[in-house]
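Trainee: One structure is given below, represented as structure tokens, and several questions about it will come after.
The values are calculated or read from the model by the stated rules, or taken from the named source; none is laboratory data. Model, not experiment: these values are computed from the prediction. Here Cβ is always computed from backbone atoms with ideal geometry, including for glycine, and neighbour counts include all displayed protein chains.
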Amino acid sequence: MKLFMPNKSILIVNAISVMVAFLIHLPEMIALSDMMPDEVIFPGMHWTDVFNEVFFTYLSLLLLFFLNERLFRFGDTQVNMGWKKLLLSFLVTWIASNLLGKGFVALHQHFDIPAIDALLHHYLHPLRDFLISVVVTGSCYLMYQNRKSNMVLLENQQLRTENIANQYETLKNQLNPHMLFNSLNTLSTLIRESSDKAQDYLQELSRVLRYTLQDNDSHSVTLAEEMDFVHAYLYLLKMRYEENLNFDIRISSDALQKKLPPMAVQMLVENAVKHNEISRRHPLTVAISTSGDWITVENRIQSKLTGNTGTRIGLDNLAKRYRLLFKQEIVVKEENSCFIVRLPLI
């Protein structure tokens with residue numbers, strides 16, 4: 001059973017089996033202690049008969065638990081345990097319990113194994129088989145639900161941890177002194193050149209900071225919300241790099257209400273700008289497009305002279321969030337001198 005159940009479940013199953021085995025044969029044990037032979041309910045019964053019955057019931061319960069675990073996979077939280085499967089488990093357990101009881105009677109008759117021969121004891125067998133089936137199936141289902149609840153709690157805890165890490169990484173990328181220095185430098189230049197452009201720039205910078213600080217509490221956002229933020233972020237980049245940085249955005253209207261983790265597209269754009277040369281000699285174009293249930297961010301690889309390849313912390317963090325939130329994988333590849341990242345849309 002250890003191959004199919006964790007250690008805690010083995011202890012629980014053994015405890016249930018021992019308890020039920022004794023309770024099922026409680027009438028016999030009470031009768032065995034009766035000091036008035038004339039009123040004995042189970043005549044001719046000896047303590048070895050009762051012990052064998054209890055021990056066989058205990059072994060039968062263990063076998064029935066094992067059978068349910070093997071056939072119906074109660075230990076696998078990925079399996080959907082509907083009422084039909086639960087009913088089938090109950091029927092199989094009832095039949096198996098009945099067959100095991102008949103097998104014990106056959107052993108008693110052919111090999112003279114100690115057992116209770118009283119007529120009342122045999123009349124109680126169908127009721128006991130029913131009760132055993134209820135206990136085994138019900139216990140398996142409760143343990144399954146407990147495992148599933150624990151798994152959900154664990155995943156939620158992991159998700160909260162990943163979100164905290166993502167918030168830290170995002171804030172570090174967006175609010176670090178370098179980013180603020182560049183933004184304020186650009187704003188200072190615009191104030192001198194054009195107050196209208198400076199006002200627009202300040203407004204878009206405010207949108208970026210507001211989204212970064214507030215919306216990061218959500219586990220997922222619509223693509224429409226994400227792209228609204230991305231457009232504000234692209235505006236800041238365009239003001240800084242001017243004609244040396246271009247964006248080719250092709251988002252279908254059908255994809256706008258689909259979900260993805262917050263700041264996922266922005267992080268990919270940030271990576272493209274951070275790790276590639278952007279100059280008059282080598283202008284950079286970042287393409288953002290949707291196709292079916294995917295959004296793709298793609299750029300030509302124009303490595304900087306410093307040769308800094310990055311730590312991939314942002315991509316690894318994004319991949320973990322997708323696994324926890326949606327049980328999906330992102331696609332990262334280099335193809336035809338282009339760096340391509342594809343994100344599932346939920």
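Trainee: Of all residues in the stretch 203-231 being surrounded by 19 or more Cβ atoms within 10 Å (Cβ to Cβ) and modelled with pLDDT of 80 or more, which is farthest from Leu190 (Cα to Cα)?
Mentor: Across the stretch 203-231, the extreme among qualifying residues is Val221.
Trainee: Still on this structure, I have one more. Between a first residue in the stretch 69-88 that is free of Cβ contacts under 8 Å to residues at least 40 places away in the same chain and not assigned by TED's automatic domain parsing to the domain that holds Met151 and a second residue that is in a loop (DSSP other than H, G, I, E, B) and among the acidic types (Asp, Glu), which pairs have beta carbons less than 8 Å apart while being 6 or more apart in sequence or on different chains?
Mentor: Qualifying pairs under 8 Å: none.
Trainee: If you don't mind, another one. Go through Phe56, Phe4, Phe42 for me and flag whichever is of a type outside the set (D, E, K, R) and at pLDDT 80 or above.
Mentor: Testing whether each residue is of a type outside the set (D, E, K, R) and at pLDDT 80 or above leaves just Phe56.
Trainee: Among the numbered criteria (1) surrounded by 12 or more Cβ atoms within 10 Å (Cβ to Cβ); (2) free of Cβ contacts under 8 Å to residues at least 24 places away in the same chain, which one does Glu335 miss?
Mentor: Answer for Glu335: the failing condition is (1).
Trainee: Condition check: closer than 30 Å to Ala319 by Cα and at pLDDT 85 or above. Does Tyr168 satisfy that?
Mentor: For Tyr168, the condition - closer than 30 Å to Ala319 by Cα and at pLDDT 85 or above - is not met.
Trainee: Follow-up. Look at Asn308 and say whether it is modelled with pLDDT under 90 and closer than 20 Å to Tyr211 by Cα.
Mentor: no
Trainee: Considering the stretch 131-147 alone, what residues qualify as being over 14 Å from Ile16 (Cα atoms) and surrounded by 15 or more Cβ atoms within 10 Å (Cβ to Cβ)?
Mentor: Matches in the stretch 131-147: Tyr144, Arg147.
Trainee: Further question on the same structure: Between a first residue in the stretch 113-131 that is within 16 Å of Ala31 (Cα to Cα) and at pLDDT 70 or above and a second residue that is small (Gly, Ala, Ser) and in a loop (DSSP other than H, G, I, E, B), which pairs have beta carbons less than 8 Å apart while being 6 or more apart in sequence or on different chains?
Mentor: If the second residue must be small (Gly, Ala, Ser) and in a loop (DSSP other than H, G, I, E, B), the pairs left are Asp117/Gly44.
Listed here are the residues, each with its yes/no results for (1) surrounded by 13 or more Cβ atoms within 10 Å (Cβ to Cβ); (2) among the hydrophobic types (A, V, I, L, M, F, W, C).
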| site | (1), (2) |
| --- | --- |
| Ala255 | yes, yes |
| Pro261 | yes, no |
| Val273 | yes, yes |
| Gly292 | no, no |
| Glu298 | yes, no |
| Gln302 | yes, no |
| Ile313 | no, yes |
| Ala319 | yes, yes |
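Trainee: Sticking with this one: Which ones in the stretch 100-112 are surrounded by 12 or more Cβ atoms within 10 Å (Cβ to Cβ) and either among the aliphatic types (A, V, I, L, M) or at pLDDT 80 or above (or both)?
Mentor: Residues satisfying the conditions are Leu100, Gly101, Gly103, Phe104, Val105, Leu107.
Trainee: Filter the stretch 241-253 down to the residues that are buried (at least 16 other Cβ atoms within 10 Å of the Cβ) and part of a strand (DSSP E or B) and list them by number.
Mentor: Result: Leu245, Phe247.
Trainee: With respect to Ser33, is the statement that it is modelled with pLDDT under 90 and either within 30 Å of Met151 (Cα to Cα) or within 30 Å of the chain's Cα centre (by Cα) (or both) true?
Mentor: So Ser33 does not fit the description; no.
Trainee: Determine whether Ser303 is out of contact with any Cys (no Cβ under 8 Å at 6 or more places or on another chain) and closer than 26 Å to Ala232 by Cβ.
Mentor: For Ser303, the condition - out of contact with any Cys (no Cβ under 8 Å at 6 or more places or on another chain) and closer than 26 Å to Ala232 by Cβ - is not met.
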